[in-house]
1. Magnitude of the Cβ-charge dipole of the chain, K/R +1 and D/E -1, about the Cα centre, nearest 20 debye?
2. Among all helices in the chain defined by DSSP H, which have a length of 24 Å or more along the axis from Cα atoms plus a Kyte-Doolittle mean of at least -1.0?
3. Given the rule -39500 (n - 2.57) for each run of at least 4 DSSP H residues, summed and divided by the residues of the chain, what is its mean residue ellipticity at 222 nm, to the nearest 500 deg cm²/dmol?
4. Pairs on different chains or at least eight residues apart, Cα atoms closer than 19 Å: how many lysine pairs in the stretch 1-91 fit?
5. Loop by DSSP (not H, G, I, E, B), at most 14 other beta-carbon atoms within 10 Å: where is the longest site-free stretch of the chain for trypsin sites (Lys or Arg not before Pro)?
6. Filter the chymotrypsin sites (Phe, Trp or Tyr not before Pro) in the stretch 1-95 down to the DSSP loop ones having no more than 13 other Cβ atoms within 10 Å, then list what survives.
7. For the chain, what are Rg and Dmax over the alpha carbons, in angstrom?
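Throughout, read-outs are computed from the coordinates displayed, never taken from laboratory work. The structure presented is a predicted model; accordingly, all values stated were derived computationally and were not measured. As a convention, Cβ positions derive from the backbone with ideal geometry for all residues, glycine included, and neighbour counts pool all protein chains shown.
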Amino acid sequence: MKQIHQYEEVLSFLNKNDKALVYVMTTDCSVCHADYPKVASIVKETDIPAIYFLADKLPEAAGQLSLFTSPVVILYKSEREYHRQARIIDFDTLRLRIDQLIQE
């Protein structure tokens, strides 16, 4: 997964990819950093385009995406939010929703 440093990069990424995953974490969040490899593994297995960014380093994106906690995983279809999980990520559900998204 590629790290994004500007909100415009998030918008460009979503515009270029019909189906996509965005993972959001914060610098000092131990859960975020523990969940990242699990999310990255699912991304690799499913081959869904994915990015991540640090919400505390990119507050504009956090505000525009209505992020109030971390970690957050958001799936997009045609630039619209398809599925969101925040704080406690259920990896089985995430995998199921990615599979459903890919099949659409």
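1. 80
2. 30-46
3. -13500 deg cm²/dmol
4. 11
5. 1-56
6. Those satisfying the criteria are 68.
7. Considering the chain through its Cα atoms, Rg and Dmax are 12.4, 36 Å.
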